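The values are calculated or read from the model by the stated rules, or taken from the named source; none is laboratory data. Just so it is clear, the model here is predicted, and its values are computed rather than measured. Using ideal geometry, Cβ is built from the backbone for each residue, glycine included, and neighbour counts are taken over all protein chains shown. The area values use the complete protein model at the heavy-atom level, side chains included, leaving out ligands, DNA and RNA. Shrake-Rupley method; radii C 1.70, N 1.55, O 1.52, S 1.80 Å.
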Amino acid sequence: MFPTQRRTVLAAVLAAFACSAIAQQSPAAGGKHHSLPATLETVQWGWLDPKEPPKLTVDSGDTISIETMMHGHDKVQPGTTIEQVVELRKANPGGGPHSMTGPIYVNGAEPGDVMEIRILKIVPKPFGVSLNLPGKDFPTIGALAPEMPNGFIKWFKLDLANNRAEFKPGILVELQPFPGTLAVGIDPNDPSPRKGGVKDDPLAPVSTLRPWKNGSNMDINELQAGSKIFIPVFIKGGLIWTGDSHCRQGNGEVSLTALECSYKEIMIQPVVRKDMKLEWPRIETKTHWITTGMDEDLNKAMVNATREAVNFLTEQKMVPLDRYEAYSLVSMVGDCRVSQVVDIRKGVHCMIPKNIFTKK
C-alpha cells in the first residue's frame with residue numbers, strides 16, 4: 001500500500017494508465033471469502049489441463065485462501081531420498097514435478113481480458129527442501145549439471161516465528177515466500193509439447209515445466225505478499241492454478257530448485273480487468289513495475305522482457321515518452337534480471353523503479 005499522505009494523489013495518477021500500465025482497482029463490493037484445501041481431488045501433478053473441472057468458482061474481487069502441496073502430489077516429504085525423487089521425476093513423463101491446486105473459475109473472465117491477481121498473504125508449512133538431480137542422468141537440468149554428477153537433497157525445518165531457516169550452523173537464510181507457479185488457463189497457441197504427444201488439440205494439457213504468456217512456472221521471486229500480477233486471459237473463467245511454492249529463491253534458480261516448501265495458505269484476490277490488454281504477464285510491487293519475457297533462448301527472453309518494458313513506459317500516462325525515450329530510460333534504470341535458467345523456457349524480468357516518476 002502507498003503511504004496515506006500520498007494515496008489520493010497517486011491513485012488519481014495511476015487511474016490514468018488506462019489499458020497499458022499496472023493500475024490499482026478496488027475490490028468488488030461485498031466480495032466473499034473462499035477456501036480451497038489441497039487434496040488429491042483439487043491438485044493436479046505436473047500438467048495444466050483446461051478441461052479439468054473447476055474446483056472452485058468465485059466472483060471478481062472475492063478472496064481465496066489456497067493450500068498447496070509439496071512436489072509429486074505431496075510425495076516429497078521430510079526423509080524422502082534423492083533416489084526416490086529421481087523415481088518420482090521419471091514417473092510423470094513430460095510433466096513437471098509441481099503440484100498445482102486448482103483450477104479456480106472466475107465469473108466474468110473472458111479471453112482477451114487480463115486477470116489481476118493480488119497476493120494478500122502467504123503462510124508456509126514448517127519444512128522445506130532443496131535438491132539437484134544427478135547430472136549424470138539429467139545433464140541439462142541445472143546451470144552446472146555436468147559438473148554435478150551426483151544428486152543432492154537437503155531438508156530444512158523452517159523457523160516460522162523468526163522467518164528464517166538454518167542452512168547449516170553459521171548460515172541463516174531469511175524466508176521470502178512466493179509462488180513459483182501462478183497460472184491462468186493455457187494459451188492455445190503455446191508451442192509447448194502437449195501431454196501424450198497430442199498435436200491436433202490446442203486445449204490438450206501443457207506441462208507445468210515451461211513458463212509462458214499465461215504465467216505458469218515463472219519463478220519470479222518478487223511475487224511476494226503485497227504484490228500483484230497481471231496475466232492475459234486465454235480461457236473462459238480464467239482458470240487459476242498455484243503451486244511450486246517457494247520459501248526463498250535467488251534469481252536464476254541455478255541448481256534446479258530453490259528452498260521448496262508448501263503453503264498452509266496463500267490468500268489471493270483475483271480481479272477481472274476488461275480495461276487492460278497484455279501480451280505477457282506484468283507485476284507490480286510496492287516499489288517497482290516489472291515486465292517479463294520467456295523463451296528457450298535466454299537472449300530472446302531478454303529481448304521480450306525489454307520490449308515489454310519499453311511498451312509499458314510508452315503506454316503509461318504520468319510522463320509522455322516516445323519509444324526512443326523509453327528505450328533509453330530502460331537502459332538507464334531498468335534492472336533486468338534472469339528469473340530462472342532451469343525450466344527449459346528461460347525467464348527474464350525487468351524492474352522499473354516507481355520513484356523515478358516525480359510529476360504529480
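Length available on full extension from Asp322 to Asp74: 0.36 nm per residue minus the Cα-Cα distance, which gives 84.3 nm. Listed cross-link partners Lys274/Lys317; Lys274/Lys300; Lys90/Lys136 are compared with a 21 Å cut-off, the Cα-Cα value being larger for Lys274/Lys300. Taking all Cα pairs closer than 8 Å and separated by 6 or more residues, the relative contact order of the chain comes to 22 percent.
Residues whose amide H falls under 5 Å from that of Cys336, counting only those 5 or more places apart or on a different chain, are Met351, with hydrogens built in the peptide plane. Here the chain exposes an accessible surface that is 56 percent carbon and sulfur, computed with a 1.4 Å probe and the other protein chains kept in place. Where only DSSP H runs of four or more residues are counted, the chain gives -4500 deg cm²/dmol as its mean residue ellipticity at 222 nm, each run worth -39500 (n - 2.57). Highest GNM mean-square fluctuation, the chain, Cα pairs closer than 10 Å: which of Val106, Val341, Val198? Comparing Val106, Val341, Val198 in the GNM, the peak value goes to Val198.
Note on region 251-294: with charges restricted to the Cβ of Lys and Arg (+1) and Asp and Glu (-1), its dipole about the Cα centre is near 240 debye. Annotation for Arg164 and Ile82: the two label points, set 7 Å from Cα along the Cα-Cβ direction, are 2.8 nm apart. Inter-part distance, region 250-277 to region 74-118, computed on C-alpha centroids, equals 12 Å. Using 0.36 nm per residue and subtracting the Cα-Cα separation, the extra length available between Phe357 and Lys121 on full extension is 82.1 nm. Spacing of the modelled spin labels on Thr57 and Ile171, each 7 Å from Cα toward Cβ, amounts to 5.0 nm. Judged by the ratio a/c of the largest to the smallest principal axis of the C-alpha gyration tensor, region 95-191 counts as oblate, that ratio being 1.5 or greater while a/b is no larger than b/c. Comparing Leu144, Leu36, Leu223 in a Gaussian network model of the chain (Cα springs below 10 Å), the most mobile by mean-square fluctuation is Leu144. Note on Asp201 and Lys300: the extension gain reaches 32.9 nm, defined as 0.36 nm multiplied by sequence separation minus the Cα-Cα distance. In this simple spin-label model, placing a label point 7 Å from the Cα along the Cα-to-Cβ direction at both Trp155 and Asp335 gives a separation of 3.6 nm. Build a GNM of the chain with springs between Cα atoms under 10 Å apart, and of Lys90, Lys264, Lys213 the one that fluctuates most is Lys90. Taking amide H as placed 1.01 Å from N in the peptide plane, the amide H of Leu256 sits under 5 Å from that of Ala143, each at least 5 places away or on another chain. Rolling a 1.4 Å probe over the heavy atoms of the protein chains gives region 204-360 an accessible area of 35 Å² per residue.
Considering only Phe234, Ala309, Pro320, and ranking their Cα positions along the charge dipole of the chain that arises from unit charges at the beta-carbon of Lys, Arg, Asp and Glu, the one farthest toward the positive end is Pro320.
Just want the answer: with Cβ charges of +1 for Lys and Arg and -1 for Asp and Glu, which residue in Val254, Gly31, Gln84 is farthest toward the dipole's positive end in the chain? Of the listed residues, the answer is Gly31. What region 67-197 shows is 46 Å² of accessible area per residue, with the surface traced by a 1.4 Å probe over protein heavy atoms. The charge dipole of the chain, taken about its Cα centre with unit charges on the Cβ atoms of Lys, Arg (+1), Asp and Glu (-1) only, comes to about 760 debye. Evaluating 6.51 cos²θ - 1.76 cosθ + 1.60 at θ = phi - 60° for every residue in region 115-122, the Karplus couplings come out as 9, 8, 10, 8, 8, 8, 7, 9 Hz, glycine and proline recorded as x. Region 154-202 and region 126-149 have Cα centres separated by 15 Å.
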